[in-house]
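Read the structure below first, then the notes.
Please treat every number below as a calculation from the coordinates, not as lab data. Everything quoted here is computed from the prediction, not taken from an experiment. Here the Cβ is made from the backbone with ideal geometry for all residues, glycine too, and neighbour counts use every protein chain on show.
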Amino acid sequence: MGASLQRMAGFRSRLPRTDEVDPPRGEWIGTKAVSCPAEPQGLLIHPTPMSTTLTALQAYVGKPISDICSNKFDSASQNHCAHFVSHALGIKLGMLCGDMKFSTKKTGGSIRCDELYNRLALKGKWADKPAISDGLLIFVLSAANVVNNVMSPVPQKHVGIYHGGMVFNFSNGQHKVVADNSVEAFHNKFKNSYAGNDISLYYGVAP
């Protein structure tokens, strides 16, 4: 019996602890805040191509993240722009919303904008986007924070989904999905709120 208990204790000691799950930058775990910079670990691509329709995206408009994420990673203090587009398109790159709890680990959608961009195979300046652009990811941030096509983990960055001339994205101020009527309107919204005179657009092809 003693040897059996020792083996069970050894097995438990190898199990990941729920309080050791890598949190998003600035997330509180236990009694301290943990800062976790994004570190790309090679190119990861979801095995199945993802697509969406204008009707499907329009159905998200007005919804809070709590209506979209079944993992209940829905705190109003978190930035959910990458979280929303990843649920809408089925993207699983880098840190996922399910990784916030051991019981849901490796489920849900990506939650970090820079990790999402950096792990896409096809990406670049919006002016160089593919001819067929419906369903593209559209990122906005200072051009100074994209060097050699690698996005830095800065606070001022955002991502949405382009379709039918509109940009569907999660408004962290309104805490719901919104649709900007044009790329220009989307761009201007962030040029007026982000620091710098080089606020630029980038595209990404969802895997």
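In order along region 110-121, the phi-based Karplus estimate (6.51 cos²θ - 1.76 cosθ + 1.60, θ = phi - 60°) of 3J(HN,Hα) comes to 4, 10, 10, 4, 5, 5, 4, 4, 5, 9, 7, 6 Hz; Gly and Pro are listed as x. One way to sum up the overall shape of region 39-204 is the equivalent ellipsoid from its Cα gyration tensor, whose semi-axes run 22, 18, 16 Å, largest first. Summing +1 for each Lys or Arg and -1 for each Asp or Glu among the other residues whose beta-carbon sits under 13 angstrom from that of Leu122 gives +3. Projecting the Cα atoms of Gly124, Ala88, Phe168 onto the charge dipole of region 39-204, computed from C-beta unit charges around the Cα centre, puts Ala88 farthest toward the positive end.
Under 24 Å from the Cα of Lys191, which lysines turn up, not counting those fewer than eight places away in the same chain? Candidates past the 8-residue exclusion: Lys123, Lys125, Lys129, Lys157, Lys176. Residues in region 103-128 near a label at Asp198, defined as backbone nitrogen under 18 Å from the 7 Å Cα→Cβ point? Residues passing the 18 Å test: 124-128. Sorted on the mean count of surrounding Cβ atoms within 10 Å across their residues, most packed first, peptides 138-150, 185-197 read 138-150, 185-197.
What the phi angles of region 157-167 give under the Karplus curve with 6.51, -1.76 and 1.60, with θ = phi - 60°, is a coupling list of 7, 8, 9, x, 10, 8, 6, x, x, 10, 10 Hz, glycine and proline written as x. The packing ranking, built from the mean of other Cβ atoms within 10 Å per residue, places the peptides 53-65, 109-121 in the order 109-121, 53-65, highest first. With θ set to phi - 60°, apply the Karplus curve 6.51 cos²θ - 1.76 cosθ + 1.60 along region 190-204 and write out the HN-Hα couplings as whole Hz, x wherever there is a Gly or Pro. Per residue, the Karplus-derived 3J(HN,Hα) values read 8, 4, 7, 10, 8, 6, x, 9, 10, 5, 10, 10, 9, 10, x Hz.
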